[in-house]
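Contents: one structure, followed by commentary.
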Amino acid sequence: MDIGDDRERQRFEHLVLGRPRPRAPEQRGRSARNAKRRKPPKPIALAEGVEERVAMRERWSHKQGTPETHEHAEVARRRPGSLARLYEAGSIDKDQLAAAEQIADAYRAITADVRVRTASLETRVDGGGYGRAEQLAIAQVHADLAYTWWRDAVGPSADALLQVIVHDVGLTIVARGGGFGMIRARRMLTDALDLWRSARRRTARHAALIAG
């Protein structure tokens, strides 16, 4: 089987249908003693781009919510800075922490002018196999669109909030510089982080309409 065809088959089975990772065939022993000593079958490594997503799903299978949300929240939680402190203090929740990490990723990609010209929202999932680079490019296009909508929705306070979300400037410092109190600053931040989910949903709906 062609490597590209095998990757596409794995992508469909494990990422679209959500099937579990396959395991190596179990070796059969001749006695009950051997059966007790037998180790469980080893998991089979999947193709690049599929392996990472399935491994992430396995890491968070014991938690409610999407694996992506848990993964982004864990990355942000481990990163020292104002967002981690706000999370530990209970000022923002896990979903908001994950949203902040995704916004920061989108911001850095846009400001670094990361573009893959072959990406297009018109690319169809059922149009045949495509590689990891194209998948990443499409994801980047979606993130760019979501970020643009999010920034417009947040309005004039976006620049100040990005200091917290991207640059880890303390919320107290941002509030003082903007001339507003901490209660208002926390509300502005949490409202902005909640808007990110709306931005991602709108982008996903737009992409689905184009894909037909």
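Since every read-out is calculated from the coordinates, none of them should be taken as a lab result. Everything numeric in this text was worked out from a predicted model, so none of it was measured. Glycine gets a Cβ as well: all are built from the backbone with ideal geometry, and neighbour counts include every protein chain shown.
General remarks:
- Taking 0.36 nm per residue of separation and subtracting the Cα-Cα distance, full extension of the segment from residue 205 to residue 13 would add 66.8 nm.
- Efficiency of FRET between residue 85 and residue 23 - r from beta-carbon atoms, R0 41 angstrom, step 0.05: 0.45
- Ranked packing of 98-106, 167-175, 145-153, most packed first, by mean Cβ within 10 Å: 98-106, 145-153, 167-175
- Extended-chain gain in nm, criterion 0.36 nm per residue less alpha-carbon gap, residue 56 and residue 182: 41.8 nm
- Environment charge of residue 201, counting only residues whose C-beta is closer than 14 Å and scoring Lys/Arg +1, Asp/Glu -1: +1
- Calculated FRET efficiency for the pair residue 111/residue 198, C-beta based, R₀ 22 Å, to 0.05: 0.45
- If you take all other residues with their beta carbon under 15 Å from the beta carbon of residue 161, and give Lys and Arg +1 and Asp and Glu -1, the sum is -1.
- Charged neighbours of residue 54, selected by a Cβ distance under 11 Å, balance to +2 (K, R count +1; D, E count -1).
- Estimated from the Cβ-Cβ distance and a Förster radius of 25 angstrom, the FRET efficiency linking residue 152 and residue 68 is about 0.60.
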